[in-house]
Amino acid sequence: MLKYTATPVADRCIDDRRARLALERLGLGDLQAQMQEKGSCNVPILDWLMEDQSLWSRLLGELDMYRHHTRNMPDGSDKRGWLRNCLYSQLQQAVRMDPLYYSLYVCLRADHLT
């Protein structure tokens with residue numbers, strides 16, 4: 001027997017009614033229709049990242065460091081060594097931990113999988 005079994009997909013899914021109710025509570029009831037019509041939507045929910053100047057300057061510094069390490073060298077050679085794809089930056093982690101972002105992501109997915 002496995003110690004950690006997978007959760008069945010049906011248990012990780014919310015229905016359309018619950019997704020619509022969650023979006024309406026957030027004041028974003030029209031997003032589901034926009035998502036179905038256009039396939040994407042823009043929601044300004046991550047403004048808090050830029051409001052804290054200390055946090056924002058740290059995140060920009062991290063991006064500058066990434067650009068530095070992936071820059072082209074003056075002799076024309078690529079400088080694409082370590083940190084080539086930057087999968088786990090602080091900015092990515094901060095965004096993915098945001099509960100509102102996660103809720104919207106689940107509600108706007110066609111299958112509503114968590």
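Every read-out reported here was derived from the displayed coordinates using simple, explicitly stated rules and does not represent laboratory data. Please read these numbers as outputs of a predicted model, since none were measured by experiment. Note that each Cβ is placed from the backbone with ideal geometry, even for glycine, and that neighbours are counted across all protein chains shown.
Take the Cα of residue 66, step 7 Å toward its Cβ, do the same at residue 43, and the gap between the two points is 2.3 nm. What the phi angles of the range 17-25 give under the Karplus curve with 6.51, -1.76 and 1.60, with θ = phi - 60°, is a coupling list of 4, 5, 5, 5, 5, 5, 5, 5, 4 Hz, glycine and proline written as x.
What FRET efficiency comes out for the pair residue 25/residue 3, r = Cβ-Cβ distance, R0 = 30 Å, nearest 0.05? Taking R0 as 30 Å, the efficiency between residue 25 and residue 3 is 0.20.
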